[in-house]
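Below is one structure; the comments refer to it alone.
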Amino acid sequence: MQDYELLADKYDIYKMYSLIYGLPEQIEEAFDISFKFLNGISMKNVKHVVIAGMGGSAIGGELAKSILEFELKVPVLVNRGYKLPGFVDSESLVIVSSYSGNTEETLSCYEDAKNRQALMIAITTGGKLKEKALEDKVPVLIIPSGLPPRAAIGYSFVPIYLILAKINSLLGTVERIQSLQKFLKKVREDFAKEAPGGQNKAKMLAERIYGKIPLIYGSQGITEAVAVRWKGQLNENSKHPAFYNVFPELNHNEIMGFEAEKNLLKNFVAIILRMPEEHERIDKRIKITRDLIQDKITYVEEIWPQGENTLERIFYHIMLGDFVSYYLALLNEKDPYEINFINTLKERMG
C-alpha cells in the first residue's frame, strides 16, 4: 500500500490537500457573501444569460447550468473565448467571472458586453476586472484571493448558482446549499488521507489510473461539466494526460476508436460518471458501450454518486475527482499546486 502521508510531506509543498478538503467551508463562505451581494440587485426582464470565463472560473458556471438545466426558464450559455455570441444585447445578463481579474479572454468579453449595453455582474478577487467594474459602476462581487482558480470552485459556483436561481424564481435554494455543506463534510471523510486505501475510493481510482490514460465519460446536460472538471483536475493537479467525452455523442464517433491495435488500447482506462437523472436510453447506451469496450482496454469503472438531490450528487462527483487528482499527483511524484507550463505560456503571450 502507498504511504500517502509520506508522499504528501514530500510533494504537497503548498498544501493543496487542505484546499480540496476545505470545499464545504468554502461553499459556506461563498454563500454568505453572495447572498448579501445579490440582495440588492434586480434582474428583472433578463431574457438570456451568458457566463464569460475560462478554466477554473468557467467551470462554476458550467456546473450551475448543468445542475439547474431542467428548471431553467431562461437560456444560459457558458462562453469560453474572446467574443460574445451575436444575440447578446441590452436584455442579456453577462456574468463576467475571472478569479485573478486579469484573464485576457474574459476582459475582452467584458468590453464586448459593455459595448452592447448588456446588464453585467463581475465576479473576481481584484485585478483589471475589479478596476473596470468599479469605474463603470458594474456590480462586482469580490471573492477571497490567494487560491489557484481551480481550488476556488465554491467561490465560482455558488454566486452563479444563486444568480440563476434568482432569475428563474427557483425555490429552496438556501436549503439546498445548507444541505450540501453538511453532506460534503461527511463525504470528504471517505476520501481523506486517514481513510484506509482499501476503503478509500479516491485512492483506489488514483492507483488504477496511475500509468494509464483515463477517458472520463459523462452524459450531455447532466455530468458533462463534471467530466470536464475531472479532466482539468487530472491535467493541472496530477500533471497527467486525460480526455473526456459524453453520451450519447461518443456513441456516434469515439466508440470506433476501440477497434484500434491492442497494444495501444491497453494504455486506456474509462471512468463513467453515472447519475439517476440519466435518460433511460442513456442508461442502455452505457451498458452496451461497457460491454463492447471492457475487454479492449485495461479497466472500466462506473461511478454512482451518493446524495439526496442533483446538487449533492454532482458535488459528490466533484469532490471525488478532486481527491483522485490529488492522490494521482503524489503517485506521479508531482506537486499538485504548481502549473509551470501554464505560467510559462502566459509569460510568452505577454
Greater than 25 Å apart at Cα, pairs in Lys73/Lys284; Lys212/Lys287; Lys203/Lys346; Lys203/Lys239; Lys15/Lys231
Lys73/Lys284; Lys203/Lys346
For region 117-235, the percent of accessible surface on carbon and sulfur atoms (probe 1.4 angstrom, ligands and nucleic acids excluded) is 51
Cα centroids of region 167-202 and region 301-350: how far apart, whole angstrom?
16
Using a simple spin-label model with points 7 Å from Cα along the Cα→Cβ vector, what separation in nm is obtained for Arg348 and Glu29?
3.5
At 1.4 Å probe size, with every protein chain present, just tell me what the per residue accessible area of the chain comes to in Å².
46
If r is the Cβ-Cβ distance from Glu111 to Glu254 and R0 is 56 Å, what FRET efficiency results, to the nearest 0.05?
0.90
Heavy atoms of Thr124 accessible to a 1.4 Å probe, total area in Å² rounded to 10
0
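Could you tell me what percent of the accessible area of region 1-81 is made up of carbon and sulfur, with a 1.4 Å probe and every protein chain present?
Numbers: 2200 of 4070 Å².
After summing per-atom areas, the C and S share lands at 54 percent.
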Determine the distance separating the Cα centre of region 28-54 from the Cα centre of region 85-115; give it in Å without decimals.
14
Whole-number D in µm²/s for region 190-267 (Stokes-Einstein; Kirkwood sum over Cα pairs; 25 °C, 0.890 mPa s):
175
Gyration tensor verdict on region 222-350 (Cα atoms; rounded if a/c is under 1.5, prolate if a/b is larger than b/c, oblate otherwise)
oblate
Across the alpha-carbon set of region 133-214, Rg over Rh with Rh taken as the Kirkwood radius works out to 1.12
Return the calculated 222 nm mean residue ellipticity for the chain, to the nearest 500 deg cm²/dmol, obtained by summing -39500 (n - 2.57) across DSSP H runs with n ≥ 4 and dividing by the residue count.
-15000 deg cm²/dmol
Placing each pseudo-label 7 Å from Cα in the direction of the beta carbon, Lys334 and Glu189 end up separated by a distance in nanometres of 3.2
With r defined as the distance between the Cβ atoms of Asn45 and Glu261 and R0 fixed at 45 Å, what FRET efficiency is calculated, to the nearest 0.05?
0.20
Total charge of the residues flanking Gln306 in space, meaning their Cβ is under 11 Å from its Cβ, with Lys and Arg +1 and Asp and Glu -1, is 0
Toy charge model, Lys and Arg Cβ at +1, Asp and Glu Cβ at -1: the chain dipole around Cα centroid in debye, rounded to 20, equals 380
Which sequence of Thr223, Thr298, Thr103 reflects their accessible areas, 1.4 Å probe, from the largest down?
Thr298, Thr103, Thr223
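In region 259-350, carbon and sulfur make up what percent of the accessible area (probe 1.4 Å)? Numbers along the way, then the final one.
Details: 2400 of 4950 Å².
C and S fraction of accessible area: 49 percent.
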In square angstrom, rounded to the nearest 10, how much accessible surface does Asp32 have for a 1.4 Å probe?
70
Please list, or write none, the aspartates and glutamates whose alpha carbon is within less than 13 Å of the alpha carbon of Lys10, excluding same-chain residues fewer than 8 places away.
Glu333, Asp335
Principal axis dimensions, largest first and in whole angstrom, of region 80-184 by Cα
42, 33, 24
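Run through region 291-339 and list the GluC sites (Glu not before Pro) located in a DSSP loop whose Cβ has at most 16 other Cβ atoms within 10 Å. Walk me through the numbers before you get to the answer.
Values: sites: Glu301, Glu302, Glu308, Glu312, Glu333, Glu338; in loops: Glu308, Glu333, Glu338.
Passing sites in region 291-339 are Glu308, Glu333.
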For the chain, what is Rg from Cα atoms divided by 2.2 N^0.38 Å, rounded to two decimals?
0.99
Contour minus end-to-end for Lys83 and Glu5, with contour as 0.36 nm per residue of separation and end-to-end as the Cα-Cα distance?
23.5 nm
Within the chain, longest stretch clear of exposed trypsin sites (Lys or Arg not before Pro) (DSSP loop, no more than 14 other Cβ within 10 Å)
138-265
Distance between modelled label sites at Lys166 and Lys284, nm, 7 Å Cα→Cβ extension
4.4
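How much length is gained on full extension from Phe243 to Ile142, taking 0.36 nm per residue of separation minus their Cα-Cα distance?
Answer, rounded to one decimal: 33.1 nm.
The values are calculated or read from the model by the stated rules, or taken from the named source; none is laboratory data. Everything quoted here is computed from the prediction, not taken from an experiment. Counting neighbours? That spans all protein chains shown, and the Cβs are built from the backbone with ideal geometry, glycine included. Accessible surface is based on the protein model in full, side chains and every heavy atom, while ligands, DNA and RNA are left aside. Shrake-Rupley method; radii C 1.70, N 1.55, O 1.52, S 1.80 Å.
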